[in-house]
Amino acid sequence: MERTKILVTGGAGYIGSHAVVELYEAGFQPVIVDDFSNSQEQAVRGIEEILGVRVPCHRIDCGDVEALRAVFAEEGSLRGVIHFAASKAVGESVQQPLKYYRNNLGSLLALLTVMQEFGVPHLVFSSSCTVYGIPDQLPVTEQTPTKPATSPYGNTKKICEDIITDVVKAPESTVRAILLRYFNPIGAHASAKIGELPLGVPQNLIPYVTQTAAGIREKLTINGDTYDTPDGTNIRDYVHVVDLAKAHVVAVQRLLDVRGEAVEVFNVGTGRGNSVLEVVHAFEQATGQKLNYVIGPPRTGDVPAIYADVTKATEVLGFRTTTSLEEALASAWKWQQSLVSE
Ligand code: UD1
């Protein structure tokens, strides 16, 4: 039987590459689109080694309408799109807001335009818990009011959600969408053939932790320990990237099977909050590595604490996480070691 084709923009990126693997293993035919501005060919090789097959990959900028049209025309019969391609560094977005608005909004507008032209009916969008801003209550549900984000990056996620909602609700719309609000993705594929590949100094916690343990960075600086949390450090919901990738497969499946609402929103996390210090200790426990760290000042724009209520994803999508924090951290460490030994 012919596999259902799903376009994966940003398919060579961190979450995208894991989603490509899970899509293929669930019986879909993923097609990658990536401009490799913040990803590497190595990810595509890793995917192909895991799957033992070639995966179609188009090197284009997703904001380029003409180039997208050519891909849609060449591939034909696409049934859906998962849109990961975006710039994602919070700090950089404060320095270069225009880049973020141009890349993140431009690629979505181009994609929706071409999806409509070609009658491709299903979209899964990578959103973020950043849309909740600093929430008044924890955990956050999908009904928790969204708030102005603390960065241009966060704003682009909220604006993209609004654009998609307006477009799919339009009377003539042929597109339906699922918005997945990710919490903090961590870890790597069990094979250690794909994982997070930060360019330059990592901004996110886990790659900084693994690079410190590997001796690439001298020490981790914990961004403040005077927050109103049990140990004073920030609380996040760290979800294993393979669990997160699987949420995309069930979201695509739902769009294909159920003629539901035009747009649905789901939190994707574990439902657990862990502090930065807990993560550090869990990493030491899981890997036997001693981590050199110091406490530094709070990072501007950081949300003190956020974690997900995942009842809706569990009940509606059948989404379940299967990986503990320790297992996720061990997988991140295995991936880091595979990079060092290359
Ligand atoms: C943020 C956004 C998330 C976005 C992501 C993209 C929120 C709540 N989350 O994640 O939506 O997709 O950026 O990158 O706004 N930390 C340290 N030392 C370090 C690095 C990080 O202590 O060297 C701490 C941070 O202060 C934070 C935690 O680790 O408390 C996680 O940080 P990070 O991995 O950067 O993710 P978020 O900022 O939570």
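All of the numbers you see were taken from the coordinates with simple rules; none came from a lab. Note that this is a predicted model, so its numbers are computed, not measured. Cβ: placed from backbone, ideal geometry, glycine included. Neighbour counts: every protein chain shown.
As a test, work out the antiparallel percent of DSSP beta bridges whose residues both lie in the chain, rounded to the nearest 5.
5 percent
Size of region 41-100 along its principal axes in angstrom, Cα-based, largest extent first?
Computed over the Cα atoms, the extents are 40, 29, 18 Å.
If you build the Cα gyration tensor of the chain and take the root of 5 times each eigenvalue, what three semi-axes come out, in whole angstrom, biggest first?
Semi-axes (√(5λ), whole Å): 31, 23, 19.
Kindly express, to the nearest 10 degrees and within the range 0 to 90, the angle between helix 276-287's C-alpha long axis and the longest C-alpha principal axis of the chain.
Once rounded, the angle reads 90 degrees.
Going toward the positive end of the dipole of region 1-149, with +1 on Lys and Arg Cβ and -1 on Asp and Glu Cβ, which of S39, Y24, P135 do you reach last?
P135
Angle, helix 325-340 long axis vs. longest principal axis of the chain, Cα atoms, 0 to 90°, nearest 10?
With both axes taken from Cα atoms, the answer is about 90 degrees.
Grab the DSSP H runs of the chain that are 4 residues or longer, score each as -39,500 (n - 2.57), total them, divide by all residues and round the 222 nm result to the nearest 500 deg cm²/dmol.
It comes out at -11500 deg cm²/dmol, rounded to the nearest 500.
What FRET efficiency would be calculated for the residue pair R45, D231, taking the C-beta separation as r and a Förster radius of 41 Å, to the nearest 0.05?
Given R0 = 41 Å and the Cβ-Cβ separation, E is 0.50.
Can you tell me the dipole magnitude for region 1-86 around its Cα centre, using point charges on the Cβ only (Lys, Arg +1; Asp, Glu -1), in Debye to the nearest 20?
180 debye
How about region 269-303: which trypsin sites (Lys or Arg not before Pro) there are in a DSSP loop, with at most 14 other Cβ atoms within 10 Å of their Cβ?
Hits after loop and neighbour filter: K290, R299.
Along each of its three principal axes, how wide is the spread of alpha-carbon positions in region 232-333, in whole angstrom units, largest first?
Cα spread of region 232-333 along its principal axes, largest to smallest: 52, 30, 17 Å.
My understanding is that a pair violates if its Cα-Cα distance is over 26 Å; which of K312/K334; K88/K290; K5/K193; K88/K147; K219/K334 do that in this structure?
Exceeds cut-off: K312/K334; K88/K290.
Quick one: which residues, 5 or more positions from I82 or on another chain, have an amide H under 5 Å from its amide H? H modelled 1.01 Å from N in the peptide plane, none for Pro or chain starts.
Answer set, sorted by chain and number: L7, V8, T9, V124.
In the neighborhood of H58, defined by Cβ-to-Cβ distances under 12 Å, what is the net charge if each Lys or Arg adds +1 and each Asp or Glu adds -1?
Net charge in that neighbourhood comes out at -4.
Assigning unit charges at the beta carbon (Lys, Arg +1; Asp, Glu -1) and nothing else, what dipole magnitude in debye, to the nearest 20, does the chain show about its Cα centre?
Dipole of the chain, to the nearest 20 debye: 100 debye.
Determine the distance separating the Cα centre of region 106-139 from the Cα centre of region 153-226; give it in Å without decimals.
With region 106-139 and region 153-226 each reduced to a Cα centre, they are spaced 14 Å.
For region 200-266, give the magnitude of the charge dipole about the Cα centre (Cβ charges: +1 Lys/Arg, -1 Asp/Glu; no others), in debye to the nearest 20.
Dipole of region 200-266, to the nearest 20 debye: 280 debye.
For every other residue with a beta carbon closer than 12 angstrom to the beta carbon of V258, add +1 if it is Lys or Arg and -1 if Asp or Glu, then tell me the sum.
In short, 0.
Students often forget the sequence filter, so: which aspartates and glutamates lie under 18 Å Cα-Cα from K169 once same-chain residues fewer than 8 apart are removed?
E117, E161, E261, E264
Between region 54-76 and region 306-336, what's the alpha-carbon centroid distance in Å?
31 Å
Nearest 10 degrees is fine. How inclined is helix 65-75 to the longest principal axis of the chain, computing both from alpha carbons?
70 degrees
When the scattering of region 80-153 is computed by the Debye formula from its Cα atoms alone, each counted once and equally, what is log10 I(q)/I(0) at q = 0.13, 0.17, 0.23, 0.26 Å⁻¹?
With no solvent term, the Cα-only Debye profile gives -0.50, -0.78, -1.05, -1.12.
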